[in-house]
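Asks: Just passing along the structure, written as structure tokens.
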Amino acid sequence: MNEDEAKKSLKNILNFSENDIERLDLFRSMLLEFNNKYNLISRKTESSIWSRHILDSAQLLRLFDINSKLTMVDLGSGAGFPGIVIAIFNKNEDFHVKLYEKSPVKREFLNKVKETLDIKLEVLKNVYNDKIDADIIVSRAFKKLEEIVRISREIARKPHRIIILKGKNAQTEINNVSLGHNSSYKLVDSITDTDSKIIVIEVKLNEKKINNSSN
């Protein structure tokens, strides 16, 4: 998929506006400039940022209602995928985006993008030092599925949805993880790669944990 095809998909399938595309283009330019020094993404993917990174991130918008009052957390946001892309699209004051990134260099980049594009989001440090107050947890290149589920189970304070971009081994990975009785999952086809899947896990916390979190 080339740049024009990716932009067409963003507009026609995911309802990105021309202004959104312009802001994404500026984000892309900043990423390429920063990448010359700090290698935020693989140099091999610089020529395919629109499809490999931007559209791949944006497709998660199909899996939740961005017009609702929700908080979305991006674990290990890195160069801002998928968090920055979703935040650029977001026009709802009641939809909150939080990016967790432990690398100071990457946080510097994320904050620079936030300020330059005037995006409504929070850039936070190490997720292991916090309690996650989220309705949606997304992840693209953070940890193995088992670790993401563990973080969700131990740190998240309320029922939530986990959305993880994965490759062709998604089914094998989910088969090897114990989700527990309070969780269920489904696999969704990726629109950028026919072999890739998106894992969507619904987590319902037990009453004891919910009560403890509210105290």
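The values are calculated or read from the model by the stated rules, or taken from the named source; none is laboratory data. None of these values were measured; they are calculated from a predicted model. A quick note on method: Cβ atoms are made from the backbone with ideal geometry, for glycine too, and the neighbour counts reach across all protein chains shown. Note: areas computed on protein heavy atoms with side chains; ligands, DNA, RNA excluded. Shrake-Rupley method; radii C 1.70, N 1.55, O 1.52, S 1.80 Å.
Asks: Rounded to the nearest 20 Debye, what is the dipole magnitude of segment 17-117 about its Cα centre when Lys and Arg each give +1 and Asp and Glu each give -1 at the C-beta?
Replies: Details: 15 positive and 14 negative charges, 86 e Å.
For segment 17-117, the charge dipole is close to 420 debye.
Asks: Can you list the HN-Hα couplings for segment 65-77, worked out from phi with the Karplus curve (6.51, -1.76, 1.60; θ = phi - 60°), rounded to whole Hz and with x for Gly and Pro?
Replies: 3J(HN,Hα) across segment 65-77, in whole Hz: 9, 6, 8, 9, 8, 9, 10, 10, 10, 9, 7, x, 4.
Asks: Also, quick follow-up: Based on the alpha carbons, how large is the Rg to Rh ratio for segment 45-132 when Rh follows Kirkwood? Kindly include the intermediate steps, with their values, before the conclusion.
Replies: Numbers: Rg = 12.7 Å, Rh = 13.3 Å.
Reported Rg/Rh (Cα atoms, Kirkwood Rh): 0.95.
Asks: Just report the Cα centroid separation between segment 168-203 and segment 96-126, whole Å.
Replies: Computed from Cα coordinates, the inter-centre distance equals 27 Å.
Asks: To the nearest 10 degrees, how steep is helix 18-38 against the longest Cα principal axis of the chain, on a 0 to 90 scale?
Replies: Tilt of helix 18-38: around 90 degrees.
Asks: How big is the Kirkwood radius of the chain, worked out from every pair of different alpha carbons and given in Å to one decimal?
Replies: On the way: mean 1/r = 0.0566 Å⁻¹.
The Cα-based Kirkwood calculation yields 17.7 Å.
Asks: Where a Cα-Cα gap under 19 Å defines reach, which lysines qualify for residue 168, not counting those fewer than 8 residues away within the same chain?
Replies: 143, 144, 186, 197
Asks: Follow-up question, since we're still on this one. Name the residue farthest towards the positive end of the dipole of segment 1-116 from the options 103, 81, 58, assuming +1 on Cβ of Lys and Arg, -1 on Cβ of Asp and Glu, about the Cα centre.
Replies: The Cα lying farthest towards the positive end belongs to 103.
Asks: OK, next. Could you estimate the translational diffusion coefficient of segment 1-84 from the Stokes-Einstein equation, with Rh from the Kirkwood formula over C-alpha pairs, at 10 °C and 1.306 mPa s, in whole µm²/s?
Replies: D = 117 µm²/s.
Asks: Express in nm, to one decimal, how much length is gained between residue 168 and residue 38 on full extension, taking 0.36 nm for each residue of separation and deducting their alpha carbon distance.
Replies: Using 0.36 nm per residue and subtracting the Cα-Cα distance, I get 43.9 nm.
Asks: Here is a further query. Which trypsin sites (Lys or Arg not before Pro) does segment 75-171 hold that lie in a coil by DSSP with at most 15 other beta carbons within 10 Å?
Replies: 91, 102, 120, 125, 131, 143, 144, 157, 168
Asks: Carbon and sulfur together cover what percent of the accessible area of the chain at a 1.4 Å probe radius?
Replies: Within the chain, the accessible surface is 43 percent carbon and sulfur.
Asks: For the chain, what is the accessible area per residue in Å² when the probe is 1.4 Å?
Replies: Each residue of the chain exposes 52 Å² on average to a 1.4 Å probe.
Asks: What is the distance, in nm, between label points placed 7 Å from the Cα along the Cα-to-Cβ direction at residue 133 and at residue 103?
Replies: It works out to 2.9 nm between the two label points.
Asks: While we're on this one: Compute the distance in nm between two label points, each set 7 Å from the Cα along the Cα-to-Cβ direction, one at residue 125 and one at residue 181.
Replies: About 3.9 nm separates the two model spin labels.
Asks: Over the Cα atoms of segment 84-143, what Rg and Dmax result, in angstrom?
Replies: 11.6, 30
Asks: Work out the P(r) tail for segment 96-215: percent of alpha carbon pairs separated by more than 22 Å, whole number.
Replies: It works out to 42 percent of all Cα pairs.
Asks: Under a plain spin-label model, where a point goes 7 Å from the Cα along Cα-to-Cβ, how far apart in nm are residue 157 and residue 4?
Replies: If labels sit at residue 157 and residue 4, their model points lie 5.0 nm apart.
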